[in-house]
Amino acid sequence: MPRLSEVLAQFDALWPPERAEQWDAVGTVCGDPEAPVTRVLIAVDPVMSVVDEALELGADLILTHHPLYLRGTTTVAAGTFKGRVVHTLIKHDIALHVAHTNADSADPGVSDALAGALDLRVVGPLVPDPTDPAGRRGLGRICELDRPATLRDFAARAAHRLPATAQGIRVAGDPDAVVRTVAVSGGSGDSLFDHVRAAGVDVFLTADLRHHPVSEATQHTPLALVDAAHWATEWPWCELAATQLDEISDRHGWDLRVHVSKTVTDPWSSHHSSGAPN
Ligand SMILES: [Zn+2]
């Protein structure tokens, strides 16, 4: 049975904290380095429903993609939602660790997991990390389909393969357009449009796309856009991380139990189609 510090050393090898963006807050939020770890829960969001899931499972470590605190705070009072999370975790000896932009840029990282869920072949990073001489790390991924598909069929694939959410999948572009190449970026990707245009791909699949960047992208180029729920684009990473942690556990003879969260934490809770526009 490993101690928390031993598991965290493995996390830091997979997702080195120094590779996180400057503005990010990654690493261990709470936890005793000497405490034994038997069960790990991997989730996208450090919210109360995930903490409840950890309690039910008897997990002693939660690994999340999103930080609990991105900026400084002056209180962890249990009257606030984040303080309640901290109180509950400490009361039940559950550690919380975050791998965010350091997991985005890892090889394999968040967008590799997204590409894998969509059965895409990864060609390389969309925004290569200049510090990686091999050119394998970076943000987003440029991918190819095994066989060309229509935009309609590709979007249907995304709807089918990504975990279900109220939002589902939004599409901008001609549904009959042929798709051969795709850029993917787990999470909010609309700061990457310049890189997507430079890559010359047929489709960009990401989350949180806004009116103006989408309008401009589709006016100027034949680029099609597929927008999935933020949580759904990052959840496949939980499965990838679980596989990596299982391998580490086997290699060390640890017998860790690794669980992927089943809780849908996308904040959008329902969707109503407004009828077909003319
Ligand atoms: Zn995210």
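Listing for the model above:
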| quantity | calculated |
| --- | --- |
| Region 148-205, subset out of contact with any strand residue (DSSP E or B) (no Cβ under 9 Å at 6 or more places or on another chain) and touching a residue at least 60 places away in the same chain (Cβ under 8 Å), residue nearest to residue 120 (Cα to Cα) | 163 |
| Flag for residue 71 being among the basic types (Lys, Arg) and modelled with pLDDT under 95 | yes |
| Single match in 155, 183 (criterion: within 20 Å of residue 234 (Cβ to Cβ) and in contact with a Cys (Cβ under 9 Å, 6 or more places away or on another chain)) | 183 |
| Check on residue 204, of a type in the set (Phe, Trp, Tyr) and at pLDDT below 95 | no |
| Tally, over region 228-266, of residues that are part of a loop (DSSP other than H, G, I, E, B) and more than 15 Å from the chain's Cα centre (by Cα) | 4 |
| Condition check for residue 135: on the phi > 0 side of the Ramachandran plot and open to solvent by 20 Å² or more (accessible area, probe 1.4 Å) | yes |
| Residue selected from region 1-19 under the condition at pLDDT 95 or above and touching a strand residue (DSSP E or B) at 6+ places or on another chain (Cβ under 9 Å), by the criterion most open to solvent (accessible area, probe 1.4 Å) | 3 |
| Number of the condition not met by residue 254 [criteria: (1) at pLDDT 95 or above; (2) within 15 Å of the ligand (Cβ to nearest atom); (3) open to solvent by 10 Å² or more (accessible area, probe 1.4 Å)] | (2) |
| Of all residues in region 90-126 being charged (D, E, K, R) and away from the ligand (no atom under 16 Å from the Cβ), the one that is least open to solvent (accessible area, probe 1.4 Å) | 107 |
| Scan of region 46-74 for residues that are within 16 Å of residue 97 (Cβ to Cβ), over 18 Å from the mean Cα position of the chain (by Cα) and polar (S, T, N, Q), ordered by number | none |
| Residue count for region 55-65, restricted to those that are surrounded by 19 or more Cβ atoms within 10 Å (Cβ to Cβ) and either polar (S, T, N, Q) or out of contact with any strand residue (DSSP E or B) (no Cβ under 7 Å at 6 or more places or on another chain) (or both) | 2 |
| Selection from region 67-89 of residues that are buried (at least 19 other Cβ atoms within 10 Å of the Cβ) and part of a loop (DSSP other than H, G, I, E, B) | 67, 68 |
| Residue check for residue 63: outside the structural domain of residue 200 (by TED's automatic domain parsing), hydrophobic (A, V, I, L, M, F, W, C), part of a loop (DSSP other than H, G, I, E, B) and within 16 Å of the ligand (Cβ to nearest atom) | no |
| Residue list for region 174-190, restricted to those being over 15 Å from residue 200 (Cβ atoms) and away from the ligand (no atom under 16 Å from the Cβ) | 174, 175, 176 |
| Counted residues, region 20-54 - those being open to solvent by 50 Å² or more (accessible area, probe 1.4 Å), part of a loop (DSSP other than H, G, I, E, B) and free of Cβ contacts under 8 Å to residues at least 60 places away in the same chain | 4 |
| Check on residue 190, open to solvent by 30 Å² or more (accessible area, probe 1.4 Å), under 16 Å from the mean Cα position of the chain (by Cα) and modelled with pLDDT under 95 | yes |
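The values are calculated or read from the model by the stated rules, or taken from the named source; none is laboratory data. Note that the structure is a prediction, hence the values are computed from the model and not measured. Please note: Cβ atoms are built from the backbone with ideal geometry, for glycine as well, and neighbour counts cover all protein chains shown. These accessible areas exclude ligands, DNA and RNA; they are computed on the full protein's heavy atoms, side chains included. Shrake-Rupley method; radii C 1.70, N 1.55, O 1.52, S 1.80 Å.
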